[in-house]
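Contents: one structure, followed by commentary.
Since every read-out is calculated from the coordinates, none of them should be taken as a lab result. Note that the structure is a prediction, hence the values are computed from the model and not measured. Positions of Cβ are backbone-derived with ideal geometry, glycine not excepted, and every protein chain shown enters the neighbour counts.
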Amino acid sequence: MQTAKTEKDCSKTNFNFFGRWRNQHGSEMNLTKFEDGKISGTFRTGVGAHEPGEVHLLTGFVAGGLISFTVNFGKYDTLTSWTGQHNQIDGHDHIETMWHLARTIPENGRHDRLWAGVWTGSDTFNRVGDDSQLEHDLSDRPMFIPSYPLKFSKK
């Protein structure tokens with residue numbers, strides 16, 4: 001089994017997912033490590049209840065041009081997993097994904113409403129250059145259901 005630890009090695013057996021990617025909500029992932037089909041890096045969300053610039057660990061897998069990764073948003077009691085595929089349009093790299101977010105339902109919550117604890121949607125990530133800056137403007141955040149933690153009352 002071949003082990004890839006560098007960007008150059010990764011591109012020999014799989015699509016090169018290394019680097020920074022940003023989605024349509026301004027969320028950004030930085031994939032920095034690849035070994036035996038496993039990836040890791042960081043994720044900064046552009047929406048939800050996070051603190052601007054807050055970094056979360058990302059872990060996942062790649063197989064050829066396919067990718068699957070998960071982010072644990074810890075103190076927000078949510079996990080989000082994305083699964084997708086690399087796509088290239090007009091020479092630009094994109095990752096088209098579907099996501100599932102699971103959030104904690106309070107113990108005293110209605111058990112017949114547990115379905116409300118899992119959401120799904122789609123995101124498109126575009127490769128960005130090292131010199132691209134991510135601006136965190138709280139007034140710019142979309143106010144619809146994102147794939148990232150939101151503030152919820154646990155009452």
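For ILE39, the amide hydrogen comes within under 5 Å of the amide hydrogens of GLY60, PHE61, VAL62, counting only partners 5 or more places away or on other chains and with H modelled in the peptide plane. PHE61 sits among other residues whose Cβ lies under 12 Å from its own Cβ, and their net charge, with Lys and Arg +1 and Asp and Glu -1, is -1.
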